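Okay, so here's the structure we're looking at.
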Amino acid sequence: MNARRSNEAEDVWVLEARGRIDANLAPELDAQLQTLLSAGHHRLIVDFQRVAYISSSGLKVLLIAFRAARRSDGDVKLCGMTDRVRDVFTMSGFHKIFDIHPTESEAASAFNRSEVG
């Protein structure tokens with residue numbers, strides 16, 4: 001997993017997640033998200049293009065980061081999900097919590113729209 005500044009929106013950071021985000025990889029995702037949040041980056045996109053699966057451990061990590069970002073007037077948006085990963089979000093109800101977009105560009109644009117509104 002690696003993080004980078006988004007080319008699409010100012011002050012938005014993208015975390016490119018990879019693999020099966022389960023009990024083994026969830027701590028790594030958590031560490032990356034917490035590092036970004038601790039550095040004052042509260043507008044985050046997690047890119048799921050290379051994620052094959054996410055378990056409840058991974059969902060918990062995302063929820064914790066989401067709440068922390070929101071407390072600082074930020075947000076965590078998600079993009080690039082496969083159908084299988086999106087199904088997990090739908091079955092768990094997390095699709096009602098997170099703003100999910102097909103692409104990073106669309107997720108970044110959603111940050112810009114929320115600033116205007």
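The values are calculated or read from the model by the stated rules, or taken from the named source; none is laboratory data. Since this is a predicted model, take the numbers as computed values, not measurements. Please note: Cβ atoms are built from the backbone with ideal geometry, for glycine as well, and neighbour counts cover all protein chains shown.
Quick notes on this one:
- Flag if G93 is free of Cβ contacts under 8 Å to residues at least 24 places away in the same chain and on the phi > 0 side of the Ramachandran plot: yes
- Flag: E10 matches the condition of being at pLDDT below 95 and out of contact with any Phe, Trp or Tyr (no Cβ under 8 Å at 6 or more places or on another chain).
- Pair list, Cβ < 6 Å and 6+ apart or interchain, from segment 64-86 residues that are in contact (Cβ under 8 Å) with a residue 24 or more places away in the chain to residues that are part of a loop (DSSP other than H, G, I, E, B) and of a type in the set (S, T, N, Q): C79/T103
- Apart from one condition, S6 fits all of (1) of a type in the set (S, T, Y); (2) surrounded by fewer than 18 Cβ atoms within 10 Å (Cβ to Cβ); (3) out of contact with any Pro (no Cβ under 9 Å at 6 or more places or on another chain); the exception is (2).
- Among the residues of segment 14-27, those that are under 13 Å from K60 (Cα atoms) and either among the basic types (K, R) or outside any loop (DSSP other than H, G, I, E, B) (or both) comprise I21, A26, P27.
- Exactly one residue out of R70, R20, R43, R50 is over 14 Å from M1 (Cβ atoms), basic (K, R) and surrounded by fewer than 18 Cβ atoms within 10 Å (Cβ to Cβ), and it is R70.
- Scanning segment 77-90 for residues being hydrophobic (A, V, I, L, M, F, W, C) and farther than 12 Å from I54 by Cα gives a total of 2.
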